[in-house]
Amino acid sequence: MNPLRGIPVLEDLPSVEGKRVLVRVDFNVPLHIGVRGRATVADDFRITAALPTLRWLQDEGAEVVAASHLGRPGGAPDPRWEMDPVRERLQSLCPGVELTENLRFDPGEKANDPAFVQRLIAGFDAYVDEAFGAAHRSHASIVGPPAFLPSAAGLRFAREIEVLGGILECPARPFVAVVGGAKVADKLEVLKVLATKVDTLIVGGGMAYTFLAAKGFDVGSSLLDESHLDDCRALLDSGVDILLPADTRALEPGGTFGPPSVGHGPRGSVKVIEGDLPDGWTGLDIGPESAEAFAEAVGQAGTVLWNGPLGAFEDPRFAAEMDAARAELRSQHRSHQRTGPRNGREVMPKDNPFIGEKKVAARSETENSKEQAGKRDWTARRGGTANGLERGAHTKFVTAGSSH
Ligand code: 3PG
Ligand code: MG
């Protein structure tokens, strides 16, 4: 069955020639802070992923305005999260597309304030959602416009749903999911669903430390979401084959991590530690033993669904193992495609396994910057054709008529 069931795509829009189209994008990209604090885009994958949609609309004669969030500025302007660096990159890639200021500078975005929705859509004739990685948020720019404007999923968004739907419906076995990233709270629902579908679930990245803590390991100063320890325990006890990192690449107490930058960092010594982490040490990547075990599981798989980074890869000290695991994936699977936004769940029709309610836990600034680090996903399927995808997400379209 077509996983897109009922979700309108670009061709379903009324003619956009001479019309103004608002495109919700997910340009929540990692930034690199350079000399004199000048920010530039450290990884533009999320921008390039949206280009086909932006160009399609331009080619059809539309005036295109993109809007995105960046970071979690908390409902007020914050110079650290201004869109300037993103806009600069977008304009070099797709001249003529406007980019509004960070949507989350207005408290109305997160609160899904109807007045903010009206301000957002004023002067627009159509709306396109190309923000797959943010589509699980019931924020104004995501759930508001489709109630008022002809709306459609962007090319990338639609492709994500199609491919993910296909993989989940009939995976070649063994089906292995590799899930990483920082936000265990965000990913738990996805993990629960995947646990019912996969033969092996590999958990890495920042979220693995909550699983390791649930198993009784000391995780030092690594990311730990205490409010979800019980959920992790329940998953571990659910009978699914879960593979966790046996060793970790950790940063010494007081060390810093991030993209290489001029002058101030990142600093501190790094060592591979097996089992318990000593106090103050922060796990930021899987170690070589884990990489080997993960690569072996991936190598035997018929289908691999990879979502989220296994290490804080924007810092080259914590990127090597993930690169090794990816190389294995590439060598074992003839067809693979890099994908972008993450975290989706519920876009799909009601019987889609990604549907579910989610509680979004409050996060610290550190977690936030760690999340900024992880912007690459991979999926692969042996012998398939193009299989790029990002995970499900949640949105509403006028014609779908659902609400969040
Ligand atoms: C992401 O980077 O995961 C998406 O852009 C969503 O961001 P959020 O978790 O801050 O809502
Ligand atoms: Mg996300």
Kindly list the number of the only condition in (1) crowded, with 18+ Cβ neighbours inside 10 Å; (2) under 19 Å from GLY144 (Cβ atoms) that fails for ARG20. (1)
Taking the condition under 25 Å from PRO73 (Cβ atoms) and small (Gly, Ala, Ser), does SER141 pass? yes
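Every residue, every condition in (1) at pLDDT 95 or above; (2) aromatic (Phe, Trp, Tyr), yes or no:
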{"residue": "ARG36", "(1), (2)": "no, no"}
{"residue": "ALA50", "(1), (2)": "yes, no"}
{"residue": "THR53", "(1), (2)": "yes, no"}
{"residue": "TRP56", "(1), (2)": "yes, yes"}
{"residue": "LEU103", "(1), (2)": "yes, no"}
Matching helices (runs of 4 or more DSSP H) fully within region 111-186 where at least 3 residues are more than 16 Å from ligand 1 (Cβ to nearest atom) and surrounded by fewer than 24 Cβ atoms within 10 Å (Cβ to Cβ): 114-121, 155-169
Over region 88-103, the set of residues in contact with a Ser or Thr (Cβ under 9 Å, 6 or more places away or on another chain) and surrounded by 20 or more Cβ atoms within 10 Å (Cβ to Cβ) is LEU99, ASN102, LEU103
Checking the condition touching a residue at least 60 places away in the same chain (Cβ under 8 Å) and within 17 Å of the chain's Cα centre (by Cα), which residue from ILE161, ILE167 passes? ILE161
So how many residues does region 202-213 have that are crowded, with 23+ Cβ neighbours inside 10 Å and either of a type outside the set (Val, Ile, Thr) or assigned to a loop (DSSP other than H, G, I, E, B) (or both)? 8
Among residues of region 55-74, those that are away from ligand 2 (no atom under 16 Å from the Cβ) and either of a type in the set (D, E, K, R) or in contact with an Asp or Glu (Cβ under 8 Å, 6 or more places away or on another chain) (or both), counted: 9
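Residue by residue, here is whether (1) loosely packed, with under 15 Cβ neighbours inside 10 Å; (2) within 15 Å of THR210 (Cα to Cα) holds:
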{"site": "ILE242", "(1), (2)": "no, yes"}
{"site": "PRO245", "(1), (2)": "no, yes"}
{"site": "PRO253", "(1), (2)": "yes, no"}
{"site": "GLY258", "(1), (2)": "no, no"}
{"site": "GLU274", "(1), (2)": "yes, no"}
{"site": "PRO278", "(1), (2)": "yes, no"}
Is one or more of the residues making up region 79-99 within 14 Å of ligand 1 (Cβ to nearest atom), on the phi < 0 side of the Ramachandran plot and either in a loop (DSSP other than H, G, I, E, B) or of a type in the set (Asp, Glu) (or both)? yes
Considering (1) within 14 Å of ligand 1 (Cβ to nearest atom); (2) surrounded by fewer than 21 Cβ atoms within 10 Å (Cβ to Cβ), say which one ALA67 fails and leave the rest. (2)
For region 187-199, name all the residues that are in a loop (DSSP other than H, G, I, E, B) and of a type in the set (Asp, Glu). ASP199
Residue count, region 134-151, condition over 18 Å from VAL64 (Cβ atoms) and out of contact with any helix residue (DSSP H, G or I) (no Cβ under 7 Å at 6 or more places or on another chain), comes to 5
Grab the strands (runs of 3 or more DSSP E) fully contained in region 7-47, keeping just those with 1 or more residues being within 16 Å of ligand 2 (Cβ to nearest atom), in contact (Cβ under 8 Å) with a residue 40 or more places away in the chain and within 16 Å of ARG156 (Cα to Cα). 20-25
Could you identify the single residue in ASP125, ASP78, ASP129, ASP106 that is touching a strand residue (DSSP E or B) at 6+ places or on another chain (Cβ under 7 Å) and more than 16 Å from ligand 2 (Cβ to nearest atom)? ASP125
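The values are calculated or read from the model by the stated rules, or taken from the named source; none is laboratory data. From a predicted model like this one, the values you see are computed outputs, not experimental measurements. Cβ coordinates were reconstructed from backbone atoms using ideal geometry, including for glycine residues, and neighbour counts include every protein chain displayed.
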